[in-house]
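**Q** The structure under discussion is supplied below as C-alpha cells; questions concerning it will follow.
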Amino acid sequence: MTDFANRLIAWQKVHGRHDLPWQNTTDPYAIWVSEIMLQQTQVSAVIGYYAKFMARFPTIAALANATQDEVLQHWSGLGYYSRARNLHNAAQTIVDEHSGMFPQDFDTIQTLSGIGRSTAAAIASFAFHQVQTILDGNVKRVLTRHFAIAGWPSTPKIEKALWQLAEKLLPQSDMVAYTQGLMDLGATICTRSKPKCTTCPLNESCLARQQNLTTILPTPKPKKSIPEKNTTMLILRQGNEIMLIKRPSSGIWGGLWSFPEYDENTLTSNDYATIALNQFGISATADSALPTFSHAFTHFKLHIKPQPLTITKQTLQAREAGFIWLNIEDAIGAAIPTPIRNILLYLHKHPS
DNA sequence: AAGTCGGGGCG
DNA sequence: CGCCCAGACTT
C-alpha cells in the first residue's frame with residue numbers, strides 16, 4: 001500500500017463526497033450511466049439529467065428496448081450525443097451477448113461502445129471493487145502537480161507515463177474510497193485555479209507545491225485558432241407548428257432534430273422562399289429574420305441566422321422519412337440541440 | 001498524432 | 001472571452 005493511497009483513502013472517508021445521486025450503490029448499470037454522463041461534463045450539469053434518465057430507463061433491458069429517439073430526447077442539452085447513441089447500443093449488446101448482465105471482466109467491459117479504459121476502471125472499481133486505475137482530467141491534474149510532470153498531459157507520451165504512474169499508486173483494497181478520492185481531490189482541493197493546498201492530504205509530498213509550480217501545472221493544451229461558420233436555419237411555420245428534420249447520425253448533433261440549415265458562404269441566393277419550394281415542395285413567404293446569435297463549439301464557432309417563413313400552401317406531405325411537424329411546445333421537449341431549443345423558446349415567448 | 005464530438009461553469 | 005470538465009472514437 002502506497003503512502004499516497006493511504007492518505008487519499010483516509011481523506012476521502014472524512015472529507016470526500018458521499019451523497020451524489022450515483023453513489024452508495026453497487027448496481028453497475030446505475031454507475032455506468034453516471035460515468036458516461038460525466039465524461040467531459042461537470043457534476044453540476046449532470047445532476048439535472050441523471051434522475052430523469054434513470055426513472056425512464058431503470059434497467060439495462062429498459063434502455064435496450066427504447067428507441068434511439070427517446071434516448072436522445074433524455075440527453076437533449078447535455079451534449080456529446082454520441083455518448084447517448086453508444087450507451088443505447090451497448091445496452092443492446094449486453095442483452096444480446098451477455099444475457100442482460102453487465103460484464104465484470106475488465107477487458108470485456110472495454111469492448112462496449114463508449115467505454116474506454118478510464119470509464120471501465122471507474123465502473124470496475126465502484127461496482128466490482130476491482131483494482132484498476134482511472135485517468136481522467138482530475139487525476140491528470142493531481143498527478144502532474146504532485147510529481148511535477150511538465151508537458152500537456154494528453155500527449156501520448158505523457159499520458160502513457162501517467163497511466164503507469166497511476167497503476168503504481170493503486171492500493172490493494174478500499175478501491176471505492178480510493179477512486180472516489182482521486183475524483184474528489186481534483187474536484188474540490190486540487191482545482192485548476194486556486195488549489196486549496198493547505199488542506200490537501202498530499203501536500204507534504206507534492207513536488208509542485210515545493211517548487212511553486214502549482215500555477216503552471218498541468219501544462220495547458222496548446223491553443224489553436226478555430227474557424228467560424230455562418231449558417232441560416234429555415235423555420236417553416238404553419239400556425240403553431242414548425243418543421244424539423246432529422247440530422248444524419250454522424251457529424252454535429254448526430255441523430256437530433258433540427259431546422260433545415262444552409263451554409264451562408266456557399267448559398268448562391270438568399271431567396272429562402274424558392275429554397276423552401278425546391279427542397280420541400282412548400283409554398284411560403286419569408287418573414288424578417290430573427291436576430292443572429294452565436295454558438296461556440298470546441299473546434300469552431302457558429303453564427304446562426306434564424307429565418308422564419310410562413311406557409312401559404314403545402315404541396316408535399318410533410319410526413320416523409322426524416323421530416324416532422326410539431327407544435328412549438330412539443331418541439332421544445334423533443335430530441336433537439338440547445339440552439340434550436342433557444343430559438344423555439346424565443347418563438348414561444350414572442351408569438352407572431 | 002491530430003481531429004471530431006456540446007454545453008456550461010467560472011475566473 | 002478563454003479554458004476546462006468523472007473521454008472515446010475516428011482518421
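**Q** With a 1.4 Å probe and every protein chain kept in, tell me what percent of the accessible surface of segment A:2-111 is carbon plus sulfur.
**A** Of the solvent-accessible surface of segment A:2-111, carbon and sulfur hold 48 percent.
**Q** Then there is this: Which value at 222 nm does chain A reach when only helices count, each DSSP H run of 4 or more adding -39,500 (n - 2.57), with the total divided by all residues and rounded to the nearest 500 deg cm²/dmol?
**A** -12000 deg cm²/dmol
**Q** Classify segment A:64-157 as rounded, prolate or oblate from the Cα gyration tensor: take a ≥ b ≥ c as the square roots of its eigenvalues, call it rounded if a/c is under 1.5, otherwise prolate when a/b beats b/c and oblate if not.
**A** oblate
**Q** Quick check on segment A:230-352: take the gyration tensor over C-alpha atoms, sort the square-rooted eigenvalues as a ≥ b ≥ c, and tell me if it's rounded (a/c under 1.5), prolate or oblate.
**A** Here segment A:230-352 falls in the rounded category.
**Q** If exposed means no more than 16 neighbouring beta carbons inside 10 Å and the site is in a DSSP loop, what's the longest run of chain A without any exposed chymotrypsin sites (Phe, Trp or Tyr not before Pro)?
**A** Free of exposed loop sites, the longest segment is A:81-296.
**Q** If you average the C-alpha positions of segment A:157-188 and of segment A:35-66 separately, how far apart do those two centres end up, in angstrom?
**A** Answer, in whole Å: 24.
**Q** To continue, here is another question. Based on DSSP, what percent of beta bridges with both residues in chain A are antiparallel, to the nearest 5?
**A** Of the beta bridges lying entirely in chain A, close to 70 percent run antiparallel.
**Q** Would you kindly state how much longer the chain becomes between A:Glu204 and A:Val95 on full extension, computed as 0.36 nm times their sequence separation minus their alpha carbon distance, in nm to one decimal?
**A** 34.4 nm
**Q** Given a Förster distance of 22 Å, report the FRET efficiency between A:Asn270 and A:Phe293 from their Cβ-Cβ distance, rounded to the nearest 0.05.
**A** Once rounded, the FRET efficiency stands at 0.75.
**Q** Over what distance in Å are the Cα centres of segment A:87-147 and segment A:201-224 separated?
**A** Going from one Cα centre to the other spans 28 Å.
**Q** Also, I was wondering about something else. May I ask you to list the trypsin sites (Lys or Arg not before Pro) in segment A:182-266 that are in a DSSP loop and have at most 15 other Cβ atoms within 10 Å of their Cβ?
**A** Here the trypsin sites (Lys or Arg not before Pro) that fit, given the DSSP loop and packing criteria, are A:Arg192, A:Lys196, A:Lys223, A:Lys224.
**Q** Is the C-alpha gyration tensor of segment A:185-265 telling us rounded, prolate or oblate? Criteria: a/c under 1.5 is rounded; beyond that, a/b larger than b/c is prolate, otherwise oblate.
**A** Taking the square roots of the gyration eigenvalues as a ≥ b ≥ c, segment A:185-265 is prolate.
**Q** Give the cross-link partners of A:Lys160 among the lysines, using a straight C-alpha distance below 20 Å as the criterion and excluding same-chain residues fewer than 8 apart.
**A** A:Lys140, A:Lys168, A:Lys221
**Q** A further question on this structure: Ignoring ligands, DNA and RNA, what percent of the accessible area of segment A:227-293 is carbon or sulfur (1.4 Å)?
**A** 49 percent
**Q** In square angstrom, what is the accessible area per residue of segment A:207-248 with a 1.4 angstrom probe?
**A** Per-residue value: 64 Å².
**Q** Here's a follow-up. Go through segment A:20-25 residue by residue and turn each phi into a ³J(HN,Hα) via Karplus (6.51, -1.76, 1.60, θ = phi - 60°); whole Hz please, and just put x for glycine and proline.
**A** Computed from phi, the couplings for segment A:20-25 are 5, x, 9, 8, 6, 9 Hz.
**Q** Compute the distance in nm between two label points, each set 7 Å from the Cα along the Cα-to-Cβ direction, one at A:Gln68 and one at A:Ser283.
**A** According to this spin-label approximation, the distance is 3.7 nm.
**Q** Given a cut-off of 24 Å, what percent of all Cα-Cα pairs of segment A:2-141 lie beyond it?
**A** Every Cα pair in segment A:2-141 considered, those over 24 Å come to 29 percent.
**Q** Return the long-range amide H neighbours of A:Lys229 (sequence gap of 5 or more, or a different chain), with a cut-off of under 5 Å between placed amide H atoms.
**A** For A:Lys229, whose amide H was placed from the backbone, the distant partners under 5 Å are A:Lys301, A:Leu302, A:His303.
**Q** Just tell me which aspartates and glutamates come within less than 14 Å, Cα to Cα, of A:Lys13; anything on the same chain fewer than 8 places away is out.
**A** A:Asp174, A:Asp184
**Q** Here's another thing I want to ask about it. Using a Förster distance of 51 angstrom, determine the FRET efficiency expected from the C-beta separation of A:Asn240 and A:Glu159, and round it to 0.05.
**A** E between A:Asn240 and A:Glu159, to the nearest 0.05, is 0.50.
**Q** For segment A:8-58, what is Rg from Cα atoms divided by 2.2 N^0.38 Å, rounded to two decimals?
**A** Dividing the Cα radius of gyration by 2.2 N^0.38 Å gives 1.22.
**Q** Under 14 Å between alpha carbons, and skipping anything fewer than 8 positions from A:Lys246 in its own chain: which aspartates and glutamates qualify?
**A** A:Asp69, A:Glu70, A:Glu261, A:Glu320
**Q** Averaged per residue, what accessible area in Å² does segment A:1-74 show with a 1.4 Å probe, protein chains only?
**A** Accessible surface, normalised per residue, equals 49 Å².
**Q** So if the hydrodynamic radius of chain A is defined as the Kirkwood radius over C-alpha pairs, what does Stokes-Einstein give as its diffusion coefficient at 20 °C and 1.002 mPa s, in µm² per second?
**A** Value of D from the Cα-based Kirkwood radius: 93 µm²/s.
**Q** Ok, one more. Return the sequence-ordered ³J(HN,Hα) values of segment A:170-175 in whole Hz as given by the Karplus equation 6.51 cos²θ - 1.76 cosθ + 1.60 applied to θ = phi - 60°, using x for Gly and Pro.
**A** Karplus-based 3J(HN,Hα) across segment A:170-175 equals 4, x, 9, 8, 6, 5 Hz.
The values are calculated or read from the model by the stated rules, or taken from the named source; none is laboratory data. The structure presented is a predicted model; accordingly, all values stated were derived computationally and were not measured. Positions of Cβ are backbone-derived with ideal geometry, glycine not excepted, and every protein chain shown enters the neighbour counts. Heads up: the accessible areas ignore ligands, DNA and RNA and are worked out on the full protein's heavy atoms, side chains in. Shrake-Rupley method; radii C 1.70, N 1.55, O 1.52, S 1.80 Å.
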